[in-house]
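Working notes, beginning with the structure itself.
The values are calculated or read from the model by the stated rules, or taken from the named source; none is laboratory data. Keep in mind it's a predicted model, so treat the numbers as computed, not measured. Counting neighbours? That spans all protein chains shown, and the Cβs are built from the backbone with ideal geometry, glycine included. These area figures cover heavy atoms from the full protein model, side chains too; ligands, DNA and RNA do not enter into them. Shrake-Rupley method; radii C 1.70, N 1.55, O 1.52, S 1.80 Å.
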Amino acid sequence: MSNNILVIGGSYFIGRVFSQSLAKTDGFSLHVLNRGRLPLNLLDVAEYKCDRHDGAALQNTLPAIRFDAVVDFCAYQKNDVKTLLENIPGEVGQYIYISSCAAFKPSSDYPKTEDSPKVASPAPGPAGEYACAKALLEEESAETCARNNIPLTIFRPTFVYGPYNYAPRESYFFDLILSGKRIPHPKNNQTLFQFVYVRDIARIITRCLCNQAVYENDYILSAPELVCYDKLLKVLGQISGKKPDTRLMSVNDIEKENIPLPFPLDGHELFSGDKIACALGFAYTPFEDGMKETFDFYRKYIYKE
């Protein structure tokens, strides 16, 4: 008998890749709920159109069946989790909340682990508000799940890359390489950061569905490779077959010109993804391999000359 899995979101980036993968995995019956703006149109996948913030609509839209796991990719606002879980008409066997490493309090303690302090109040700007909201929703998830006797699992990805990424991160560089434009290259800058491949996230979540070993646990999702802009540009050259035309610039000049480099320039962002790797015996995709798959997908399906 298949396990019923309900995905909240599932139409854009991480949720889309996860849904496409799970739809081809035996043993699961996939249900997807979102606003219907970008249908998946996958064989044998039930899609429900609904605003997750509307409790009555949730009750009227979702079938009154047991969902063995609910995977939530799009909780961003206060009460998002509470409204969802308290208005699903059937029983919920597990709630998986996709948080973010942004929920960790900025500090110089590296690498951050699951026990590192979380953000307690928003820093100025959208990024600060997002980080605080994610941290508060982790608390809301714990409280709501405890109140409703639902096992909770939390995942915190670091910088995510891969097919369908709508954030201008790796695509920022892909566009410059493919169009033959110069790429800003921070000079004398060894700020380190880490990534996780979106397909790795999908594989990890799948292995955690209905898995009692991960109940009441939280996990950082981060591949172990340390990346700086020098290494990033080297990998970009290797995967594209083109030597990047770079423009060496100081961090001050990059900031003065408001160049939107997508990764840190002035402080390491390092995390340990060992806990989930050990729990599952999981090996993360090497950065160059995942980035090559992502570049090939982008060039074939997304890039427009």
Q: For segment 1-133, compute the number of Lys pairs whose alpha carbons are separated by less than 25 Å, excluding pairs fewer than 8 positions apart on the same chain.
A: 8
**Q.** Inter-centroid distance (Cα atoms) of segment 54-133 relative to segment 215-281, Å
**A.** 25 Å
(Q) Could you put Lys24, Lys275 in order of accessible surface area, largest first, with the 1.4 Å probe and the full protein assembly present? (A) Lys24, Lys275
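Expressed as a whole percentage, what fraction of the accessible surface of the chain belongs to carbon and sulfur atoms when a 1.4 Å probe is rolled over the protein heavy atoms?
On the chain, the fraction of accessible area on carbon and sulfur atoms equals 49 percent.
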**Q.** segment 96-175 - Rg and Dmax from Cα coordinates, angstrom
**A.** 14.7, 48
Q) Taking segment 200-283, which GluC sites (Glu not before Pro) meet the DSSP loop condition and have no more than 12 other C-beta atoms within 10 Å? A) Glu216, Glu257
(Q) Going Cα to Cα from Lys187, which aspartates and glutamates come in below 16 Å? Please leave out same-chain ones fewer than 8 positions away. (A) Asp230, Asp245, Asp253, Glu255, Glu257, Asp266
(Q) Quick check: convex hull over the Cα atoms of segment 157-252, volume per residue in Å³, rounded to an integer? (A) 127 Å³
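Please give the contour-minus-distance gain from Thr191 to Glu143: 0.36 nm per residue of separation, less the Cα-Cα distance, rounded to one decimal in nm. Present the calculation step by step, with values, prior to reporting the outcome.
Details: separation 48, 0.36 × 48 = 17.28 nm, distance 3.69 nm.
Gain in length upon complete extension: 13.6 nm.
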**Q.** Highest average packing first - 134-140, 260-266, Cβ atoms within 10 Å
**A.** 134-140, 260-266
Q.
Please report the antiparallel percentage of DSSP beta bridges with both residues in the chain, rounded to the nearest 5.
A. 5 percent
Q: Write down the accessible area per residue of the chain in Å², having rolled a 1.4 Å probe over the full set of protein chains.
A: 48 Å²
Q. For segment 79-125, what is the Kirkwood hydrodynamic radius in Å, using each pair of distinct C-alpha atoms?
A. 13.6 Å
Q. For the chain, what are the per-bin percents of Cα-Cα distances with bins 20 Å wide, up to the bin holding the maximum?
A. 32, 57, 11
